[in-house]
Amino acid sequence: MTRRAGGLAAALSISVLLTACQQESPPINNAPLPSVAAGPYLCDLIPADAVHLMTGVQDPLVKGDFDPTTTEEWGSGSCFIYSPIGNQPKVLDVTLSPAGSKGEVEDQIRTGATRLPDIVPGGVGFYFQGRSPGSARAAAMLVRGYDRLIIELERGVEGRDNAADVVALMRLIAPKLITTATPAPTKKG
């Protein structure tokens, strides 16, 4: 191979590499989350299709479960969803606990969170988008009596409306989780 041919081959290789690096990533799926919960489900309650849209993770690793009737007074449980790729970073977690208070919701709204729309009778809540520019994180919390449902999107799809996604997921799962748990007028003990 002549020196000129070798230089031409090197230039062509660099051009091919640059073209490959400049190719755009696949388009972002901005479809809204489904308005009706349908299977398959993660942790027996969270629609897998909604999680895929929110996180971009196709076959997540899942840990946890829910028992909305754990005690006479409230339900509890959690669902942790991880990416199966790399070091398995958590992408989403959903927690139901007996630690809710309307005061906490009002404090968060006073400090900048947005009030959730009405989702369940007697429930109040808030949501917010991650504070740093370009953040693909969002969270929502809904309280009814002492029941508190929290959705934390740790790693959403960049370019999607992550705050709208956590609100939509709350609409899908809160009626099943919070309304089946008995609201407690007062805590015992």
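Some points to look at:
- Its Cα centre serving as origin, the stretch 76-137 has a Cβ charge dipole (Lys and Arg +1, Asp and Glu -1) of approximately 180 debye.
- Förster radius 25 Å - calculated FRET efficiency between residue 61 and residue 109, Cβ distance, rounded to 0.05: 0.15
- Ranked by the mean number of other Cβ atoms within 10 Å of their residues, highest first, the peptides 92-103, 162-173 come out as 162-173, 92-103.
- Highest mean packing comes first when the peptides 52-59, 150-157 are listed by Cβ atoms within 10 Å, giving 150-157, 52-59.
- When every Cα-Cα distance of the stretch 115-170 is counted in 5 angstrom steps from zero, the calculated P(r) takes the values 4, 21, 31, 19, 13, 7, 3, 0 percent.
Here, each number is a calculation from the coordinates, and none is a lab measurement. Quantities reported herein were computed from a predicted structural model and do not represent experimental measurements. All Cβ positions, glycine included, derive from the backbone under ideal geometry; neighbour counts span all protein chains shown.
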